[in-house]
Amino acid sequence: MSAAAGVAPARTRGSLLASLTRTGAAVWIVVLVAVLALTVADAGGFWAPANVANVLTATVVLGLAALGQHLVVLSGGIDLAVGSLATLSALLTAILINGYPIRTVPVVVGMLLLGALVGLLHGVLVARVGLPPFIVTLATLYLIQGAAFTISTTPTGRVTTALSTIALQRIGPVPYSFGVLLLALAVVAFVLHRTAFGRQLFAVGGDQAAARANGVPVARVLVTAYVLAGVLAALAGVLLAARATVGSPTAGQGLELSAITVVVLGGTSLLGGRGSLVGTMGGVVLLSLVSSSVTLLQLPATLTDLIRGVVILAAAAVFVTRARR
C-alpha cells in the first residue's frame, strides 16, 4: 500500500508537469522565477522604465520570428531561414528607403511581399516537390545570407525618422514596436483558433496521412504556414532596420536558432501537431530577460550566450522532457 501510494503522487506530479508544459504554462514559471531573482538582485534597476522598455523591445523582433516559426513547427516542419530573411529585409529596407519618407510605405509593403515569396518557395518545395523542410530552409538560409553579403558587407542605407520612431520611442516603459508584436500575436491567435486553416494546421502536423484521408488540403496548409512565417520574418527585419536606423548584412544573425529555441521551450512539439502560443511567448520573454539581465547585472557581454545556454538546458531538463511522457 505504501509503495503504491508513493508511486501515485509521483505520477500525479509528472502528469501535472507534462500538462503545464503542453499548455505553455511551464515556461512562464521559469519566467516568474527569473523575474523574482532579478528583482532581488537589483529591484530598482530591473523595474526602472528604461530596463522594462529594453526587455519589451527585445521581445519584438524575436517574437515576430517565433510566431512564424511556431506555425511552421506546428505543421511538422522547420524554417531555418527566418534569420537570414530578416537580415535581407533589414538591409533592403534601409537601402531602398535611404532617408526618403515617401518610400517608407512602398518599401515596407515590398519587404512583406518578399517574405511571402520566400515562404511560398519554401512551401512549394516542401509540399509539392516533397523535399525535407530542414534541407530546403537550410539551403535558402545560405542563399539569402549570401545575397545580403553580395549587396553590402557593411552597414548601409538609412531609414526615416517615422520608421525609427516606431522602434525607438515609447509610451512610459512600453515601446511603440511592442504594439506591432501584440497585433501580430492577436492575428496569429485568431488564425490558429478561429479559422479552418488553424484546425487543419494542427491536423496536418499531427498526422499528414490521416489529414489527407479526411479531406484536408495538406499542400495548401503547408504552403500557407511557410508564407505566413516568411511575412513575419520580413516584418521582423523591417523593425531591425528601424531600431538600428541602418541596414546591416548581419542584422538577423542567429535569429532562427533563437526562434526555434523559444518555440520548443514553450512546449511545442518539433514533430508537429501540438503547441501553445502562450508557451512560445513565454519562451520569448525568457530569452529577452536573459539578454537584458547581462546588462542589468553588469556582467561581461561574452557571458550572454553562456547564460542563455544554461537556462535553455535547465528549462529543457525540467519541462521539455516531461512533455514526451
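Brief remarks on what is shown
- Charge dipole magnitude, Cβ of K and R +1, D and E -1 - the chain, Cα centre, debye nearest 20: 680 debye
- Highest-first packing order for the peptide set 85-95, 169-179, 119-129 is 85-95, 119-129, 169-179, based on the mean count of other beta carbon atoms within 10 Å.
- Quarter of the Cα convex hull surface for segment 87-135, i.e. its orientation-mean projected area (nm²): 3.7 nm²
- Rounded percent of accessible protein surface that carbon and sulfur make up, segment 74-139, 1.4 Å probe: 79 percent
- Nonlocal amide H pairs with Arg170, under 5 Å, H built at 1.01 Å: Tyr176
- All other residues whose Cβ lies under 14 angstrom from that of Gly247 are scored, Lys and Arg at +1 and Asp and Glu at -1, for a net of +3.
- The value given for the chain is a Kirkwood hydrodynamic radius of 20.4 Å, derived from the mean inverse Cα-Cα separation.
- Across all directions, the shadow cast by the convex hull of segment 175-320 built on its C-alpha atoms averages 10.3 square nanometres.
- Taking the chain as a Gaussian network of alpha-carbon nodes connected by springs under 10 Å, the highest mean-square fluctuation of the residues Leu239, Leu64, Leu131 belongs to Leu131.
- Using the empirical formula 2.2 N^0.38 Å as the baseline, the Cα radius of gyration of segment 250-305 reaches a ratio of 1.29.
- Shape call, segment 163-223: gyration tensor on alpha carbons, a/c limit 1.5: prolate
- When only alpha carbons are used to place a centre, segment 241-295 and segment 157-235 end up 14 Å from one another.
- Segment 51-105: Cα Rg divided by the 2.2 N^0.38 Å rule of thumb: 1.44
- The chain - mean residue ellipticity at 222 nm from DSSP helices (-39,500 (n - 2.57) per run, n ≥ 4, rounded to 500): -25000 deg cm²/dmol
- Rg and Dmax of segment 28-138, Cα atoms only, in Å: 18.8, 56
- Accessible area per residue for segment 29-155 is 42 Å², calculated with a 1.4 Å probe on protein heavy atoms, without ligands, DNA or RNA.
- Paramagnetic reach from Phe197 in segment 105-129 [backbone N under 20 Å; point 7 Å along Cα→Cβ]: 109-129
- Net charge contributed by nearby residues that have their C-beta within less than 11 Å of Leu85 (K/R +1, D/E -1): -2
- Protein-only accessible surface order, largest first, of Asp79, Asp305, Asp42 at 1.4 Å: Asp305, Asp42, Asp79
- Span-rule helices in the chain, defined as complete DSSP H runs reaching 30 Å or more along the axis (Cα) with Kyte mean at least 0.0: 2-23, 49-74, 218-244
The values are calculated or read from the model by the stated rules, or taken from the named source; none is laboratory data. Values in this document were obtained by computation on a predicted structure and should not be read as measured data. Reconstructed Cβ throughout: ideal geometry from the backbone, glycine too, with neighbour counts over all protein chains shown. Areas reflect the complete protein model, heavy atoms only, side chains present, ligands, DNA and RNA absent. Shrake-Rupley method; radii C 1.70, N 1.55, O 1.52, S 1.80 Å.
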